[in-house]
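Working notes, structure below.
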Amino acid sequence: MDSPGRLLIIGGAEDRCCGAGLLERFVELCGGEHARIVLITTAANAPDEVLAEYERVFSKLGVEHTTELRLHGRGEADSDDSAEELHAATGVFFTGGDQSKLRTLVDSRINHIISDRLADGLVVAGTSAGATVLGRTMILGGNGPEVAAAAVHTGPGLGLIPQALIDMHFGERGRLPRLLSGVAMAPEHLGIGLDENTGVLVEGDGFEVLGTGVTTVVDAEDATVVHPAGDLDPITLFGVRLHLLPHGCLFDFRTRAPSIGPAHERY
């Protein structure tokens, strides 16, 4: 797996008070009081409210420069103004909402700028819908108790973390069947399911788990997958590796192995 740079991928409903642990870590990575954060609210259903909430939190954490990109269409995602904002940023944050709205950003100019700038120290974070879009493939919807092709709907993502399929609100909404379905359809992808107020900090060739919940990793690289004739019929899946990683655990993309990291203060 290629090193994707520094990404903070959050499962949604992150704490925005009481210390704001995950967001505080994001601000620290972006430069603290010197951070210049671009908030991308394309997915938000009420962008004005979302903007006000994050501006309040980031201001509380000492950030003086927060700007917004709503990016309603491809023209805005390819514009000079959007490019200028991103070139000046130390951090980019994708908010939650409806991930289908983020499809307009895939393979856009801002997509390429963010990808290029990761190697230069830009920090990228996403929560909920803004988390799943960071993978090469993103989950657009689907649910149900079965592991079947019809249980998950996917589309292209921004490709900032290659060969990963990210799901959010994971334990709270019972989404293990959905993630298993997605990984069964593309076994080369590593499935990463994030509980609420839980994130993974991706840096170099692995990630560290942060927050109060659990990160679930589904690895079907060596599994046996037999697809039925119909999309509604259950998929046969043998030999899947399943890892449950709470705060402080580490995962190595190269070896596809988890480990217990040094002790950390819980958020």
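Observations
- Principal-axis tilt of helix 176-185 within the chain, Cα atoms, nearest 10 degrees: 80 degrees
- DSSP bridge orientation in the chain - percent antiparallel, rounded to nearest 5: 60 percent
- Residue exposure sequence - VAL124, VAL226, VAL50 - by fewest surrounding Cβ within 10 Å: VAL226, VAL50, VAL124
- Computed over the Cα atoms of the chain, the ratio of the radius of gyration to the Kirkwood radius (Rg/Rh) comes to 0.96.
- The chain: most fluctuating residue of LEU244, LEU165, LEU22 per GNM, C-alpha cutoff 10 Å: LEU244
- Gaussian network model of the chain, Cα within-10 Å springs - most flexible of ASN111, ASN45, ASN143: ASN45
- The residue among PHE94, PRO246, THR212 whose Cα reaches farthest toward the positive pole of the charge dipole of the stretch 6-259, with charges on the beta-carbon of Lys, Arg, Asp and Glu, is PRO246.
- Tilt relative to the chain, helix 21-30 - C-alpha long axis, 0 to 90 degrees, to 10: 60 degrees
- Only Lys, Arg, Asp and Glu carry charge here, each on its Cβ (+1 for the first two, -1 for the last two); on that basis the stretch 6-259 has a dipole of about 360 debye about its Cα centre.
- Axis of helix 47-60 versus longest Cα principal axis of the chain: the two differ by about 70°, to the nearest ten degrees.
- Only Cα pairs under 8 Å and 6+ residues apart enter the sum, and on that basis the relative contact order of the chain stands at 20 percent.
- For the chain, the 222 nm mean residue ellipticity estimated from helices alone, with every DSSP H stretch of n ≥ 4 adding -39500 (n - 2.57) and the total spread over all residues, rounds to -6500 deg cm²/dmol.
- Gaussian network model of the chain, Cα within-10 Å springs - most flexible of GLU14, GLU84, GLU68: GLU84
We did not get these values from a lab; they are worked out from the coordinates using the rules stated. Every value quoted in this text rests on a predicted model; they were computed, and no experiment measured them. Cβ sites come from the backbone with ideal geometry, for glycine too, and all protein chains shown count toward neighbours.
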